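Heads up, the thing below is written out as structure tokens.
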Amino acid sequence: NAGVTQTPKFQVLKTGQSMTLQCAQDMNHEYMSWYRQDPGMGLRLIHYSVGAGITDQGEVPNGYNVSRSTTEDFPLRLLSAAPSQTSVYFCASSVSREVYEQYFGPGTRLTVT
Amino acid sequence: AQSVTQPDIHITVSEGASLELRCNYSYGATPYLFWYVQSPGQGLQLLLKYFSGDTLVQGIKGFEAEFKRSQSSFNLRKPSVHWSDAAEYFCAVGARTGTASKLTFGTGTRLQVTL
């Protein structure tokens with residue numbers, strides 16, 4: 001199993017550009033989530049999904065969209081990038097919504113200039 | 001709402017010395033508690049978890065943590081640190097929020113190991 005994979009590893013965007021961060025898992029996990037990590041702030045939940053076709057907002061959802069058309073994939077879309085979205089983004093998954101143990105991907109480092 | 005405090009931003013220990021990283025949580029019910037480790041440029045790896053039962057839990061890489069309800073703490077310990085333990089460590093509390101479980105993370109403690 002590859003576990004949780006994320007692409008790209010690094011990305012530089014200009015303000016106003018849009019892009020999609022990809023996340024995939026091959027463990028047949030029901031629950032997937034996106035976090036952003038900023039210095040001194042730990043990880044903050046952006047959006048999460050409890051199954052295909054079901055998504056919900058986390059703590060910091062503004063400026064981001066998600067969809068979950070399959071169990072395996074959970075892409076994160078930045079609609080109009082802003083410098084405040086410069087961060088490291090992590091995707092995570094767990095077996096079900098009832099299980100708190102989450103498996104993390106390697107992260108995407110995004111810089112918005 | 002739940003919260004996690006890691007009071008030490010940065011800790012330096014000598015290789016072979018013992019280690020204790022502090023974590024305090026705030027949550028109204030019995031918490032689910034976790035410690036994760038993040039090596040530079042990597043994702044987070046689960047070290048150990050506490051759900052219930054024995055308050056001293058063992059994890060990977062020789063780490064252990066003790067749940068103390070009276071102190072709302074879940075401190076991480078290792079008897080003898082290795083240079084490869086240099087990393088950032090995150091404490092997290094799990095809680096049910098809305099339609100699913102949610103992890104709330106502390107701000108992390110960066111561990112430096114001197115030879």
In segment B:39-60, the residues that are within 16 Å of B:Lys78 (Cβ to Cβ) and within 14 Å of another protein chain (Cβ to nearest Cβ): B:Ser39, B:Gln45, B:Leu46, B:Leu47, B:Leu48, B:Val57, B:Gly59, B:Ile60
Given (1) farther than 19 Å from B:Leu46 by Cα; (2) in contact with a strand residue (DSSP E or B) (Cβ under 7 Å, 6 or more places away or on another chain), number of the condition B:Ser80 does not satisfy: (2)
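Considering only residues that are open to solvent by 20 Å² or more (accessible area, probe 1.4 Å) and not hydroxyl-bearing (Ser, Thr, Tyr), which ones fall in segment B:40-53? Steps first, answer last, please.
Filtering segment B:40-53 for residues open to solvent by 20 Å² or more (accessible area, probe 1.4 Å) gives B:40-42, B:45-46, B:49, B:51-53.
Correct list: B:Pro40, B:Gly41, B:Gln42, B:Gln45, B:Leu46, B:Lys49, B:Phe51, B:Gly53.
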All positions within segment A:47-88 that are under 19 Å from B:Ala95 (Cβ atoms) and either over 12 Å from the mean Cα position of the chain (by Cα) or aromatic (Phe, Trp, Tyr) (or both): A:Tyr48, A:Val50, A:Asp56, A:Glu59
Wholly within segment B:1-97, strands (runs of 3 or more DSSP E) carrying at least 2 residues that are farther than 19 Å from B:Leu115 by Cα and in contact with a Gly (Cβ under 8 Å, 6 or more places away or on another chain): B:3-5, B:32-38, B:44-50, B:87-97
Scope segment B:1-21; condition among the acidic types (Asp, Glu) and within 14 Å of chain A (Cβ to nearest Cβ); matching residues: B:Asp8
Cβ pairs under 7 Å, 6+ apart, first in segment B:13-39 and open to solvent by 60 Å² or more (accessible area, probe 1.4 Å), second part of a strand (DSSP E or B) and at pLDDT below 90: B:Tyr27/B:Ala95; B:Tyr32/B:Gly94
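Only one of B:Phe90, B:Phe67, B:Phe63 is in contact with a Leu (Cβ under 7 Å, 6 or more places away or on another chain), within 15 Å of B:Leu48 (Cβ to Cβ), within 14 Å of chain A (Cβ to nearest Cβ) and surrounded by 19 or more Cβ atoms within 10 Å (Cβ to Cβ). Can you tell me which?
Values: B:Phe67 fails: within 14 Å of chain A (Cβ to nearest Cβ); B:Phe63 fails: within 14 Å of chain A (Cβ to nearest Cβ).
Selected residue: B:Phe90, the only one of B:Phe90, B:Phe67, B:Phe63 that is in contact with a Leu (Cβ under 7 Å, 6 or more places away or on another chain), within 15 Å of B:Leu48 (Cβ to Cβ), within 14 Å of chain A (Cβ to nearest Cβ) and surrounded by 19 or more Cβ atoms within 10 Å (Cβ to Cβ).
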In segment B:56-77, the residues that are touching an Asp or Glu at 6+ places or on another chain (Cβ under 6 Å) and either more than 18 Å from B:Gly106 (Cα to Cα) or in contact (Cβ under 8 Å) with a residue 60 or more places away in the chain (or both): B:Leu56, B:Gln58
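The values are calculated or read from the model by the stated rules, or taken from the named source; none is laboratory data. The model shown is predicted, which means the values in this text are computed figures rather than measured ones. Ideal geometry is used to build each Cβ from the backbone, glycine not excepted, and the neighbour counts take in all protein chains shown. Ligands, DNA and RNA are excluded from the accessible area calculation, which covers all protein heavy atoms including side chains. Shrake-Rupley method; radii C 1.70, N 1.55, O 1.52, S 1.80 Å.
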